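First up is the structure itself, then whatever we jot down about it.
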Amino acid sequence: MEVKAKVKFIKISPRKVRLVASLVRGLDVNKALDQLNFTKKQAVKPIAKLINSAISNAENNFELEKNNLFIKEIKVDEGPTLHRWMPRARGRATPIRKRSSHIVLVLAELVESGKKESKKQKIEAPIKLGEKPKEDDGVKVESKNDKEKSSQEGAKDEKGKKIIDPRGEGKGKNTKMEGKGFSSKIFRRKSG
């Protein structure tokens with residue numbers, strides 16, 4: 001059983017994160033966290049947080065034991081780079097690249113427990129795609145005529161007042177341009 005966790009857009013260069021990631025690759029989860037406690041690098045904090053997140057995913061979603069997990073794979077990819085400039089002598093500017101990184105972690109079991117599915121239940125949709133709902137399924141079916149009548153008459157709010165919208169602007173309908181003039185020339189579609 002494999003458990004995955006990832007963190008994106010860490011504001012540390014991937015080269016610096018890979019130094020810490022290579023320390024814990026292939027280790028037991030408890031030994032990896034101990035190794036990170038005694039390492040003085042900036043990337044230790046997000047990697048330790050990611051390992052703890054993957055452990056809690058394994059325990060809560062898949063009912064796996066913490067002592068039976070090890071780091072199968074830890075991959076550090078390059079994220080987007082922010083380009084900044086530093087003013088220098090004689091009106092020059094030198095580029096500064098503020099790099100970010102994405103970390104992907106895969107935990108696996110030392111001894112296979114045989115659990116394959118997550119604890120969460122899968123919920124089936126009451127209506128399949130492509131089928132029209134029936135009224136006996138508990139779904140209210142409205143025809144196009146009912147929708148047109150309700151939009152023409154207007155809707156009632158909580159106080160019982162009728163709201164009438166003669167131009168049909170509300171509820172997802174766009175404003176209609178009337179007459180000829182400057183606006184109709186702008187929005188007219190060109191053919192050919």
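Laboratory data are not the source of any read-out in this text; all were calculated from the coordinates shown. Keep in mind the model is a prediction, meaning the values are calculated, not measured. So basically every Cβ, Gly included, is an ideal-geometry build from the backbone, and we count neighbours across all protein chains shown.
Before moving on, here are some points about what is shown:
- Fewest-first ranking of Ile96, Ile47, Ile10, using other Cβ atoms within 10 Å as the exposure measure: Ile96, Ile10, Ile47
- Exposure proxy ranking for Arg92, Arg25, based on other Cβ atoms within 10 angstrom of each Cβ and starting from the fewest, stands as Arg92, Arg25.
- Toward the positive end of the charge dipole of region 2-109, with +1 on the Cβ of Lys and Arg and -1 on the Cβ of Asp and Glu, the farthest Cα among Asn67, Gln35, Met86 is that of Met86.
- Distance violations [Cα-Cα > 18 Å] among Lys6/Lys41; Lys66/Lys115; Lys75/Lys115; Lys6/Lys72; Lys49/Lys115; Lys31/Lys115: Lys6/Lys41; Lys75/Lys115; Lys49/Lys115; Lys31/Lys115
- Across region 2-109, Cα pairs under 8 Å and at least six residues apart give a relative contact order of 43 percent.
- Each of Thr94, Thr39 was scored by other Cβ atoms within 10 Å of its Cβ. Arranged with the fewest first, they read Thr94, Thr39.
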